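Just so it is clear, none of the values below were taken in a lab; they were calculated from the coordinates. Note that the structure is a prediction, hence the values are computed from the model and not measured. No Cβ is skipped: glycine too gets one built from the backbone with ideal geometry, and neighbour counts run over all protein chains shown.
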Amino acid sequence: MPTYTYRCENAHRFDEVHTMHSVPERSVCPECGQDARRRPAAPHLSAAGSSAYGLIDAASRSAHEPDVVTSLPGAPRRPGGGITRNPLHAKLPRH
Ligand SMILES: [Zn+2]
């Protein structure tokens, strides 16, 4: 079961274990007895370091640093061509 962190008005932090379906927003601080509110983050559920996190990281990195492509996939080869592979040369006037 996940652990939830609470923080009271006197800045005491403590953890409580609850099921995800019954997490109280408020609790009582065991140190001073004040009202404590649940912190929004669940630090024990961090995905960092897991295999899923590595997969997400690799996928997001490929969006910014794609692998170098050396040839166009399915590029038509013109008969008689092959002298140059520069696509700008195809725009030159032909005689
Ligand atoms: Zn307290």
Next item on the list: Arrange the following residues from fewest to most other Cβ atoms within 10 Å of their Cβ: VAL23, VAL17.
Entry: VAL17, VAL23
Check: Which residues' amide hydrogens lie under 5 Å from the amide hydrogen of TYR4, considering only partners 5 or more residues apart or on another chain, with H built in the peptide plane?
Finding: GLU16, VAL17, HIS18
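Can you tell me how much longer the chain between LEU72 and VAL28 gets when fully stretched, taken as 0.36 nm per residue apart minus their C-alpha distance, in nm with one decimal?
Working: separation 44, 0.36 × 44 = 15.84 nm, distance 6.46 nm.
Going from the current span to full extension adds 9.4 nm.
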